[in-house]
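*Asks:* Attaching a single structure in structure tokens format; questions to follow.
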Amino acid sequence: MAYLVRILIQGAAVAGLAACLSACALDEPASARAFADRWLHVDVQTYFTSQRGCTVAVYRLSSGTVRAGGTRVYVLRQGIGRLRTGQAVAFGDPNGTPDGLSRAIMSADLPVGLGLLSSVTGPRACMTDEVAQGVGRMLATPGVMTIYDPAENIVILLDAATRHAVLMRGEV
């Protein structure tokens with residue numbers, strides 16, 4: 001009888017630990033989608049995972065454009081000025097890559113650049129190999145738009161050509 005009680009107590013402890021760990025997720029699917037929907041025309045979420053220190057979501061979009069009202073900049077200096085005040089910005093350079101943008105931001109303002117970099121590299125633990133490879137391609141593809149919200153530590157990579165977006169959030 002004591003053995004059975006011990007097994008029940010251990011089972012309850014494991015269930016409680018699992019519930020606690022799942023409660024430690026950084027985001028819920030609905031909150032990540034709501035953030036992405038403020039900027040994009042989200043159709044279907046094709047991937048989502050969130051752990052204690054990272055969130056990654058992949059979306060298929062109904063349109064490859066940014067919603068009206070989102071701040072889009074084409075001049076690096078203007079975007080950095082907004083980021084310094086905690087405002088979210090969509091960088092629209094049809095010839096640049098997200099990787100090149102992050103290097104330019106780090107050269108111009110290291111603290112802002114490090115925040116952007118950690119929001120992209122920190123979520124690696126939340127990615128499958130397939131998602132990580134897709135993010136790697138997006139980072140090196142000219143014309144992929146980078147949306148960065150320093151207040152939320154969220155980066156969205158928008159590939160308008162394929163109508164896909166990846167939302168990443170890490171702890172800074």
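*Asks:* Assess whether residue 96 counts as being part of a loop (DSSP other than H, G, I, E, B) and either among the β-branched types (Val, Ile, Thr) or at pLDDT 90 or above (or both).
*Replies:* Yes: the conditions hold for residue 96.
*Asks:* Check the range 137-147 and report whether any residue there is part of a loop (DSSP other than H, G, I, E, B) and under 16 Å from residue 35 (Cβ atoms).
*Replies:* no
*Asks:* Just for the range 51-60: of the residues that are in a loop (DSSP other than H, G, I, E, B) and under 13 Å from the mean Cα position of the chain (by Cα), which one is modelled with the lowest pLDDT?
*Replies:* Of everything passing the filter in the range 51-60, 53 is modelled with the lowest pLDDT.
*Asks:* I've got another one for you. If you scan the range 93-121, which residues turn out to be open to solvent by 80 Å² or more (accessible area, probe 1.4 Å), within 17 Å of residue 75 (Cβ to Cβ) and not acidic (Asp, Glu)?
*Replies:* Answer for the range 93-121, where residues must be open to solvent by 80 Å² or more (accessible area, probe 1.4 Å), within 17 Å of residue 75 (Cβ to Cβ) and not acidic (Asp, Glu): 94, 95, 103, 107.
*Asks:* Which numbered condition trips up residue 75, out of (1) within 28 Å of residue 110 (Cβ to Cβ); (2) open to solvent by 30 Å² or more (accessible area, probe 1.4 Å); (3) among the hydrophobic types (A, V, I, L, M, F, W, C); (4) at pLDDT 95 or above?
*Replies:* (4)
*Asks:* Anything in the range 61-70 that is surrounded by 14 or more Cβ atoms within 10 Å (Cβ to Cβ) and at pLDDT 95 or above? List them, or say none.
*Replies:* Once the filter is applied, which keeps residues that are surrounded by 14 or more Cβ atoms within 10 Å (Cβ to Cβ) and at pLDDT 95 or above, the range 61-70 yields only 61.
*Asks:* Go through (1) closer than 14 Å to residue 35 by Cα; (2) open to solvent by less than 20 Å² (accessible area, probe 1.4 Å); (3) not hydroxyl-bearing (Ser, Thr, Tyr) for residue 169 and report which single condition fails.
*Replies:* So residue 169 meets the others, but not (2).
*Asks:* Quick one: residue 30 ticks every box in (1) under 16 Å from the mean Cα position of the chain (by Cα); (2) part of a strand (DSSP E or B) bar one, so which box is it?
*Replies:* All conditions are met except number (2).
The values are calculated or read from the model by the stated rules, or taken from the named source; none is laboratory data. Remember, predicted model here, so these are calculated numbers, not experimental data. For neighbour counting, all protein chains shown are included, and Cβ atoms are generated from backbone atoms with ideal geometry for every residue, glycine included. Only protein heavy atoms, including side chains, enter the accessible area calculation; ligands, DNA and RNA are left aside. Shrake-Rupley method; radii C 1.70, N 1.55, O 1.52, S 1.80 Å.
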